[in-house]
Amino acid sequence: LKFVNVAQPRYKAVIEDPHNMAVMFSIQAYEAANLALFTDGNFFVIRNTKTNHFTQVPIRQVSAVSTDPDDSATIWYIQRRWQSDGKEKRMWYPLSRYKKSAGKIRTEINGVAVSKDAVIYHQASHRQTGWTWGVPDSLGAMVYTEAYSAYLRDNAKLVKALSMIAWKITAATTSGSGAAAATVRDSGGGIGGTAAMAAGNQLQGVGVPSAQVNMNNGQPLIAAVATSFGIPVIALLSSPGATGGSYGAASTLDEPTFKTMSSVQDMWANFY
């Protein structure tokens with residue numbers, strides 16, 4: 001948007017159109033575009049060249065692609081397949097920049113018509129040399145996110161298991177300890193269980209008491225997630241405790257995070 005004067009009537013009318021605001025030029029639309037790169041690595045938008053109305057296309061509707069024979073990273077046409085009024089539709093759309101450079105475009109590809117009144121725009125994330133498609137922003141963090149989630153679940157189960165034994169009773173006889181256990185259980189309101197045993201026996205928990213279970217020991221796992229996103233752990237967890245409560249450490253991470261977000265903004269500025 002910074003490369004054109006959006007105050008000009010022909011741009012202003014397109015941007016302020018209620019339909020386009022909902023699809024492309026609102027906070028919700030920006031969020032949807034970012035999420036598309038986060039989960040799919042690719043963002044597709046169709047523009048009707050007659051009405052200047054935009055349509056976001058989910059990646060599941062992209063069914064085929066036609067590229068430059070000498071460069072698979074240069075897309076010429078994208079095919080869309082979708083359901084409309086209970087019927088399946090298929091249509092090829094030329095990329096906007098290809099249509100401008102090629103001049104005349106094809107009327108059909110492999111028996112499927114090429115749209116005359118619409119073009120498609122494509123934004124890819126983390127696309128490497130020669131790749132046609134991008135990869136999701138979340139791909140690098142997926143493995144460590146699952147590991148961190150499993151770590152938290154396991155710790156929660158450990159705390160729950162340790163909390164089941166709240167009392168230890170040692171009596172001279174087995175019958176005496178059993179009676180005492182029943183008394184404690186009945187008066188304890190269902191909180192915690194009782195380990196009852198005869199004299200000379202010992203029950204010891206495996207690991208540490210529940211009060212000492214530290215969920216923060218999984219920080220290296222969540223740090224790997226934050227690194228893949230290019231943000232600090234503090235920002236990912238929304239907690240200064242991620243760095244041991246050091247607000248100084250949090251402030252030193254502002255500049256790298258700012259630069260990462262600025263590069264994302266510049267990418268979207270170029271796209272729009």
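Leaving ligands and nucleic acids out of the surface, order PHE271, PHE258 by accessible area at 1.4 Å, largest first. Show your work: numbers first, answer last.
Numbers: PHE271 40, PHE258 130 Å².
I get PHE258, PHE271, largest accessible area first.
Among the listed pairs LYS12/LYS104; LYS12/LYS259; LYS89/LYS116; LYS50/LYS87; LYS100/LYS259, give every one whose C-alpha distance is greater than 22 Å. Please list the in-between numbers first.
Details: LYS12/LYS104 29 Å; LYS12/LYS259 30 Å; LYS89/LYS116 16 Å; LYS50/LYS87 24 Å; LYS100/LYS259 33 Å.
Table pairs above 22 Å Cα-Cα are LYS12/LYS104; LYS12/LYS259; LYS50/LYS87; LYS100/LYS259.
Ordered by packing density, taken as the mean number of other Cβ atoms within 10 Å over each peptide's residues, highest first, how do 47-53, 229-235, 91-97, 138-144 rank? Please report the intermediate quantities before stating the final value.
Details: 47-53: 14.0, 229-235: 17.7, 91-97: 20.0, 138-144: 16.0.
Highest-to-lowest ranking by the protection proxy: 91-97, 229-235, 138-144, 47-53.
If you count, for each residue, the other Cβ atoms within 10 Å and average over each peptide, how do 24-32, 102-110 line up from highest to lowest?
Working: 24-32: 13.8, 102-110: 10.7.
Answer by packing, highest mean first, reads 24-32, 102-110.
The values are calculated or read from the model by the stated rules, or taken from the named source; none is laboratory data. None of the values given here were measured: they were computed from a predicted structure. Note that each Cβ is placed from the backbone with ideal geometry, even for glycine, and that neighbours are counted across all protein chains shown. Only protein heavy atoms, including side chains, enter the accessible area calculation; ligands, DNA and RNA are left aside. Shrake-Rupley method; radii C 1.70, N 1.55, O 1.52, S 1.80 Å.
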